[in-house]
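For reference, the structure discussed in these notes is given below.
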Amino acid sequence: MSDHNLFRGSIYHCVEAAGNIRPVYISDGLMVVDRESGRVVEVGDYSTLSLKWDISDSLIHFEDRLMMPGFVDTHVHYPQYKVIASYGTNLLEWLNKYTFLEEQKFSNEDYADQIANLFLDELIKNGTTSAMTFCATYKQSVDAFFRASEKRGLRMAAGKVMMDRNAPEGLCDNPEESYRDSKELIEKWHNKARLRYAVTPRFAPTSSSAQLKQAARLLNEYPSDENNKGVLLQTHLNENDEEIAWVSDLFPESKNYFGVYEDHGIAGNRSVFGHCIHNTEAEYQRMAQTESKVSLCPTSNLFLGSGLFELEKLESYGIDVSLASDVGGGDSFSMFKVMNEAYKICRLNDFNLDPVRAFYMTTLGAAKVLDMNDSIGNFEVNKEADFIVIDLNATEIISQKNKIAVDINDILFNLMTLGDDRLIDEVYVLGQRAYKK
Ligand code: GUN
Ligand code: ZN
């Protein structure tokens, strides 16, 4: 038996050089994966590569299927698995009425284990093979998530929520404890297998100034160098008007909301800010200058009625932007649905989100936001072969629309507009099958 697995089918991914995104579509392609490492060895036309590789052995042929990199969801909350679809509130009411109650259940490690597994099943079923997730305040909620991810061999980032005020007492920590617990979790999980730690101050209203400084201390203690990836940081920014007014009351000495994070030393190229809907011009400017990263969460913004982001503006400032589900504020695990709602929000701003850009923001661009684009996001040689197999005839209407598609752009647009988990036929993690519909 050879040392490689061979996959034949249509292939779509994109490559990026000097800031330019180039879509690559191969109508009848072959992907060669090293069986032991699970990495891509070669991708190209079947007609050419089938002369070079022994296709009598270990060839899997996906007919009428499209292979693409697995989706990367850069902002999601696994403890909110059951908060999804909670009725009738805006952000701050929703946090108090539903979210903070549910998150308290994650002090129970058995419950955390159970939900972590359900959550990962749902991600995989939707074709999402990597994510950066918020956990709950409790250390055991993070252990549960990393344990479940490691068992499945997934590339994931996650962290313990730091939150020391304006939330139920049972859900709060304090600055020293949050530093100590986060550090213990970093030592235990960061850069183990395919896992990365993300320092996770929830958002400015639930952290004191002292706690935000502890978050900065952790970010500084675990920098990136030539041998190691540093820890990441995730939080929320400019999601809701009331939240923004509250932040300016809580931190009167900072110029604006992003300024609160910058003043406390947690802006920068390893920091990922969710939402950024209501940014001021000054905030876009400082985000660009600090190389801070963005997760846009269209399904969540519409579900909670938070507002319409301005993708055009973020792009004009050259900020790295990705798309994310923000479950349970977001009402779907499907990145197709996320792209669909992103497209509509852009339309409301009289701007077109083209499908190549949309798929970039859920694959390679998302991997870049998480500083993982050296290992995932497309099918360049030596990348980890996490990929999805899309059934181009999964529903009658998609099948009919794909038959009249002129080019791959049309097909991608059909998928992002009409698609959901029914399209995901199979999912591979490191070249091994992890899911079959
Ligand atoms: N802001 C602070 N916490 C949260 C959360 O859990 N979800 C969303 N969407 N926004 C937040
Ligand atoms: Zn969120």
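Applying the Karplus relation 6.51 cos²θ - 1.76 cosθ + 1.60 with θ = phi - 60° to the range 408-416 yields 3J(HN,Hα) values of 5, 4, 4, 4, 4, 5, 4, 5, 6 Hz, where x marks Gly and Pro. Normalise the Debye intensity by I(0) for the range 219-353, one equal point scatterer per Cα, no solvent, then take log10 at q = 0.11, 0.14, 0.15, 0.21 Å⁻¹ and round to two decimals. Cα-only, vacuum Debye calculation for the range 219-353: -0.40, -0.65, -0.74, -1.29.
Of all DSSP beta bridges in the chain, what percent run antiparallel (nearest 5)? Of all bridge pairs located within the chain, approximately 50 percent are antiparallel. If we count every other residue with Cβ under 11 angstrom of Asn279's Cβ, Lys/Arg +1 and Asp/Glu -1, where does the sum land? Charge balance near Asn279 sits at -2. In order along the range 315-331, the phi-based Karplus estimate (6.51 cos²θ - 1.76 cosθ + 1.60, θ = phi - 60°) of 3J(HN,Hα) comes to 5, 5, 8, x, 7, 6, 10, 10, 10, 8, 7, 6, 4, x, x, x, 9 Hz; Gly and Pro are listed as x. Proximity of backbone amide H atoms, modeled 1.01 Å from N, is registered between Arg39 and Asp34, Ala385 at under 5 Å, excluding neighbours fewer than 5 places apart on the same chain. Between 0 and 90 degrees, the angle of helix 209-221 with respect to the longest Cα principal axis of the chain falls at about 40 degrees. The Cα atoms of the chain give a gyration tensor whose axes a ≥ b ≥ c have a/c of 1.5 or more with a/b greater than b/c, which makes the shape prolate. Between the residues Val381, Phe351, Gly419, the greatest Cα displacement towards the positive end of the dipole of the range 343-427, with unit charges on the Cβ of Lys, Arg, Asp and Glu, is found for Phe351. Helix 241-250 and the longest principal axis of the Cα set of the chain meet at an angle near 40°. GNM remark for the chain: springs join alpha carbons under 10 Å apart, and the peak mean-square fluctuation among Asn90, Asn227, Asn340 falls on Asn227.
Provide the gained length on full extension for the span Asp57 to Asp350, in nm with one decimal, where the gain is 0.36 nm per separating residue minus the Cα-Cα distance.
Length difference between fully extended and current span is 100.3 nm.
Under a 5 Å amide H cut-off, with hydrogens placed 1.01 Å from N, Ser10 pairs with Gly29, Arg65, Met67 among residues at least 5 apart or on other chains. Each of Ala282, Asn301, Ser316 was placed along the dipole of the range 272-325 (beta-carbon charges, centred on the mean Cα), and the one lying farthest toward the positive end is Asn301.
Using unit Cβ charges (K, R positive; D, E negative) and no other charged atoms, how large, in debye to the nearest 20, is the dipole of the range 148-221 about its Cα centre?
Using only the charged Cβ atoms, the result is roughly 520 debye.
Summing Cβ point charges (Lys, Arg +1; Asp, Glu -1) relative to the Cα centre of the chain gives a dipole of roughly 480 debye. Restriction of the GluC sites (Glu not before Pro) in the range 252-333 to DSSP coil positions whose beta-carbon has at most 10 other beta-carbons within 10 angstrom yields Glu253.
For the range 55-173, what is the per residue volume of the convex hull drawn over the alpha-carbon atoms, in cubic angstrom?
Working: hull volume 15.2 nm³, N = 119.
Residue-normalised Cα hull volume stands at 127 Å³.
As a fraction of the 1.4 Å probe accessible area of the chain, surface on carbon and sulfur atoms comes out at 46 percent. Comparing Asn166, Asn414, Asn126 in a Gaussian network model of the chain (Cα springs below 10 Å), the most mobile by mean-square fluctuation is Asn166. Near Thr133, the amide H atoms lying under 5 Å from its own belong to Ala157, Ala158, Gly159; only residues 5 or more places off or on other chains count, and H is placed 1.01 Å from N. Label reach from Ser316 (point 7 Å along Cα→C-beta): in the range 258-302, amide nitrogens under 14 Å belong to 279-285. Sequentially through the range 169-176, phi angles give Karplus couplings (6.51, -1.76, 1.60; θ = phi - 60°) of 4, x, 9, 9, 10, 9, x, 5 Hz, Gly and Pro residues having no value and appearing as x. Once a ≥ b ≥ c are taken as the square roots of the eigenvalues of the Cα gyration tensor of the range 280-410, is the result rounded (a/c under 1.5), prolate (a/b larger than b/c) or oblate (a/b not larger than b/c)? Oblate. For the chain, a Gaussian network of Cα nodes joined below 10 Å ranks Lys313, Lys52, Lys192 by mean-square fluctuation, and the top entry is Lys52.
With the convex hull of its Cα atoms as the shape, the range 249-299 has an orientation-averaged projected area of 3.8 nm².
Here the range 200-297 is assigned +1 on the Cβ of each Lys and Arg and -1 on the Cβ of each Asp and Glu. Its dipole about the Cα centre then comes out at about 320 debye. Length gained on full extension, Ala210 to Asn20, computed as 0.36 nm times the residue gap minus the Cα-Cα distance: 64.3 nm.
For the range 1-52, rounded, prolate or oblate, judged on the Cα gyration tensor with a ≥ b ≥ c (square roots of eigenvalues), a/c < 1.5 rounded, else prolate if a/b > b/c? Cα axes put the range 1-52 in the oblate bin. Based on Cα contacts under 8 Å between residues 6+ apart, the chain shows a relative contact order of 18 percent.
With R₀ set to 56 Å, the beta-carbon distance separating Asn174 from Arg39 gives a calculated FRET efficiency near 0.80. Over all orientations, the range 331-400 has a Cα convex hull whose mean projected area works out to 6.3 square nanometres. Check each of the GluC sites (Glu not before Pro) in the range 1-86 and keep only those in coil by DSSP with at most 11 other C-beta atoms within 10 angstrom; list them in order. Filter output for the range 1-86: Glu36.
Overall dimensions of the range 360-437, expressed as equivalent-ellipsoid semi-axes from the Cα gyration tensor (√(5λ), whole Å, largest first), are 25, 16, 10.
The values are calculated or read from the model by the stated rules, or taken from the named source; none is laboratory data. Worth saying up front: this structure is predicted, and the values here are computed from it rather than measured. Cβ atoms come from the backbone with ideal geometry, glycine included; neighbour counts cover every protein chain shown. Calculation scope for accessible area: heavy atoms of the full protein, side chains included, ligands and nucleic acids excluded. Shrake-Rupley method; radii C 1.70, N 1.55, O 1.52, S 1.80 Å.
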